[in-house]
Amino acid sequence: MKNKHLPIIIVLAALLLPGNLLFGQDSPPPRSFLESGLSGEFLAPPREDILLPPADSAAEAKPKIKLLPDHLSLMESALWGESGLMRITGIAPLTPSARKSELGVRRFMLTAHQIGGFVTMGLFIPTLIYGQKNIDQWNASESGHPPYTPINRSIDRTHRNLATILFASYMATASLSIFSPPPLIRRDDWGGTTSIHKTLAWVHFAGMLALPFLGSAASSADHHGNISQAKNLRTIHQVVAYTTAAAFTASLIIMTF
Amino acid sequence: MTNIIRSVTCTVCVFALFAAGTLSAGGAAKLAATPGVSSLTYKIVHPMHEFESVSHDVTCTITVDDSSGTIRTAFFSADVTSFDSGNSNRDSHAMEVVDALTYPTVSFKSTNIRTLGTGLSVDGDLEFHGQTHPVSFSAATSATGDTLAVAGSTSISMTAFGIDRPSLLLVPVQDTIRISFQMKFPKGTH
């Protein structure tokens, strides 16, 4: 007899046991509740809701965080990707503790990037002032017929020196961002301040690469007596310089919003 | 016939055992907030601007007393990487300062809940950045349509939880974080 009815009891128990375990001691099977204090009567949620993670402690709900974001830039992949240079050389292994230190490095580099941005912004001002003075004196000198008005070489030299310092400061500042370790997450939030900052960076980066060549080409044209070409190149250099400065200023200001 | 009677008796006994277990629970039901529509938000203020970061991926459970309809306990937990301020660079910075790799969750467990009309006065422990501190806040409950909503807010100090305040353009944000929540629980059917 025992053998006959034992399976029935086991089946019934098996059907009931999971539910009882899931509901736990504080949770009876669905019953009506919330009869006072609230308009409308609420019942216990459907079983699917109760089957959600119990989450009775932080430990149970503790997720695993991915060490790298889903999307990496080319430079980030080359340096900090799973098979990047820093990983294969063993300089920065891809482990949680190493990644934590890496994020500290990233923060240091980005803070220095911000300081570098202000310094570079400060250097733009005298470079533009002396650049404008220089272009004015060259245009004035070459507007008439020979012999031309003598050029104040001191203004020309000062502009060149300032431009060299500005270029070095700019590239150092850019490097701090370009070579920094990747963040923990990266979402597609196009239109945000950071994406505008990065879009403007393409503009001023291209401008900063072009400016030394344009200045040098204008100087070379002058040296060879090609006055018309020199004047055109100076104008292009001037427009690119102001555009670069404007894009740089905008990319700095946008980060404050 | 005797066998059938014995089978039924055994079945009834099994039911009785589980019913006894259920009744001993004190007549409280556990409700889980609906993910996606429930939210946990923090607001940070910087001298230049302020922003909010929202997580819709919150695990929240409450136990509700069947007879009185009052909320007895509340618990929530959220993955710190699930907060979105609309600027992932900023969110990543936030994860750095809260050391998300070591402490990936923020959680709250109530220790005492008092019902004040349609509102609640909640005391509990907030675990954040590996530290647990008591917090108290008021919450409002409302029932609309098929949903029970519980909303509230409180403020915490970052330094109290051992967090170094993040900076923008070398200027640190305010120490106080405003935390607000809107939890929605599904209404069941008869």
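Any read-out appearing in this document is the output of simple, stated calculations on the displayed coordinates, not a laboratory observation. Please read all numbers here as calculations on a predicted model, not as lab measurements. For neighbour counting, all protein chains shown are included, and Cβ atoms are generated from backbone atoms with ideal geometry for every residue, glycine included.
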Check: Any idea which of (1) within 14 Å of chain B (Cβ to nearest Cβ); (2) part of a helix (DSSP H, G or I); (3) not acidic (Asp, Glu) is the one residue A:213 doesn't satisfy?
Finding: (1)
Next item on the list: Please find, within segment B:130-160, the residue that is farthest from the chain's Cα centre (by Cα) out of those that are within 17 Å of residue B:43 (Cα to Cα) and outside any strand (DSSP E or B).
Entry: B:159
Note to self: Let me confirm something: among A:172, A:78, which residue is closer than 29 Å to residue A:236 by Cβ, out of contact with any Leu (no Cβ under 6 Å at 6 or more places or on another chain), in a helix (DSSP H, G or I) and not charged (D, E, K, R)?
What the structure shows: A:172
Next item on the list: Identify the single condition in (1) over 31 Å from the mean Cα position of the chain (by Cα); (2) loosely packed, with under 14 Cβ neighbours inside 10 Å; (3) part of a loop (DSSP other than H, G, I, E, B) that residue A:151 does not satisfy, given that it satisfies every other one.
Entry: (2)
Check: What is the one condition in (1) at the interface with another protein chain (Cβ under 10 Å from one of its Cβ atoms); (2) surrounded by fewer than 15 Cβ atoms within 10 Å (Cβ to Cβ); (3) under 28 Å from residue A:98 (Cβ atoms) that residue B:171 does not satisfy?
Finding: (3)
Next item on the list: Give the residues of segment B:72-110 that are at the interface with chain A (Cβ under 8 Å from one of its Cβ atoms) and small (Gly, Ala, Ser), sorted by residue number.
Entry: B:77, B:86, B:88, B:92, B:100, B:107
Next item on the list: Go through the residues of segment A:231-240 one by one and say whether even a single one is farther than 24 Å from residue B:97 by Cα and within 20 Å of the chain's Cα centre (by Cα).
Entry: no
Next item on the list: Run down A:91, A:135 and say which single residue is more than 26 Å from residue A:163 (Cβ to Cβ) and either part of a loop (DSSP other than H, G, I, E, B) or more than 29 Å from the chain's Cα centre (by Cα) (or both).
Entry: A:91
Item checked: Unique match (being surrounded by fewer than 18 Cβ atoms within 10 Å (Cβ to Cβ) and within 14 Å of chain B (Cβ to nearest Cβ)) among A:136, A:188 -> A:188
Margin query: So the check is Cβ under 6 Å with 6+ separation or different chains; which pairs have a first residue in segment A:88-114 that's more than 8 Å from chain B (Cβ to nearest Cβ) and a second one that's among the acidic types (Asp, Glu)?
Written below: A:92/A:102
Note to self: Looking at residue B:113 and the list (1) free of Cβ contacts under 8 Å to residues at least 60 places away in the same chain; (2) within 10 Å of chain A (Cβ to nearest Cβ), which single condition is not satisfied?
What the structure shows: (2)
Checklist line | Selected residue (criterion: surrounded by the fewest Cβ atoms within 10 Å (Cβ to Cβ)) from residues of segment B:131-163 that are farther than 24 Å from residue B:117 by Cβ and among the β-branched types (Val, Ile, Thr) | finding: B:159
